[in-house]
Amino acid sequence: DSDGDGVSDDEEARLGLDPESADTDGDGYDDGEELAANSDATDPTHYPYIGGWAIDACRTDVVATGNAVGSVTADFSLLDQHGQQVRLHDFCGREVLMVTSAMWCGPCQAEAPELQHWYDTYEAQGFIVITLLGEDEYGNAPDQADLMAWATAYGLKHPVLSDSGWGVSNRWPGNYIPTMHLLAAGATV
């Protein structure tokens with residue numbers, strides 16, 4: 001382990017990592033830390049989540065087939081409340097409750113604390129909630145400050161993502177707010 005990142009030189013060579021650099025992709029995380037977290041040590045945009053959400057090892061094995069019930073939905077990458085890009089397929093080993101919301105939506109505001117309760121109750125069983133905020137209180141795309149304000153206001157510890165233009169939420173028909181879509185392990189609708 002020439003670079004002291006916790007990964008042997010042979011293993012780094014096998015994985016395409018630089019055995020002379022503890023941080024091959026220059027993202028601020030040692031290769032060993034990234035490998036232990038199932039993140040991609042060769043991709044500077046993929047590293048452990050600040051929010052503490054574990055990345056599942058199956059993330060690269062998921063193949064999208066569509067958005068109908070029984071299909072595997074496509075991956076996405078959206079900004080979270082911590083300023084990171086969160087990818088759906090990183091949670092491939094869990095049941096994911098996707099919640100479409102807007103900051104101006106009264107029913108969305110009312111359900112937010114309940115969503116956190118569900119997350120707290122079932123997280124240990126492989127469940128995660130992802131809130132997709134499509135608009136801020138003025139109908140604009142939410143920025144990181146909006147996402148953090150929403151998470152803080154309702155005590156949310158799960159990912160809160162900016163779904164500008166409802167790009168992800170519109171994958172499924174009948175998308176009103178609030179709306180919930182449940183994905184089984186493997187991102188199956």
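Things worth noting here:
- Selection count where residues are open to solvent by less than 50 Å² (accessible area, probe 1.4 Å), part of a helix (DSSP H, G or I) and modelled with pLDDT under 90, scope segment 162-180: 0
- Sole exception among (1) more than 28 Å from Gly139 (Cα to Cα); (2) open to solvent by less than 10 Å² (accessible area, probe 1.4 Å); (3) of a type in the set (S, T, N, Q) for Thr65, by number: (2)
- For the residues Leu97, Leu35, the requirement of being out of contact with any helix residue (DSSP H, G or I) (no Cβ under 6 Å at 6 or more places or on another chain), aliphatic (A, V, I, L, M) and closer than 18 Å to Lys157 by Cβ singles out Leu97.
- Residue in segment 89-98 that is touching a Lys or Arg at 6+ places or on another chain (Cβ under 8 Å), open to solvent by 50 Å² or more (accessible area, probe 1.4 Å) and not aliphatic (A, V, I, L, M) present: no
- So Asn140, is it without any contact (Cβ under 8 Å) to a residue 12 or more places away in the chain and either of a type in the set (Val, Ile, Thr) or under 26 Å from Val63 (Cβ atoms) (or both): no
- Scope segment 114-158; condition of a type in the set (S, T, N, Q) and either touching a strand residue (DSSP E or B) at 6+ places or on another chain (Cβ under 9 Å) or under 24 Å from Ala54 (Cα atoms) (or both); matching residues: Gln116, Thr121, Gln125, Thr131, Gln144, Thr152
The values are calculated or read from the model by the stated rules, or taken from the named source; none is laboratory data. Because the structure is a prediction, the values reported are computed rather than measured. Note that each Cβ is placed from the backbone with ideal geometry, even for glycine, and that neighbours are counted across all protein chains shown. Heavy atoms of the whole protein, side chains included, go into the accessibility calculation; ligands, DNA and RNA do not. Shrake-Rupley method; radii C 1.70, N 1.55, O 1.52, S 1.80 Å.
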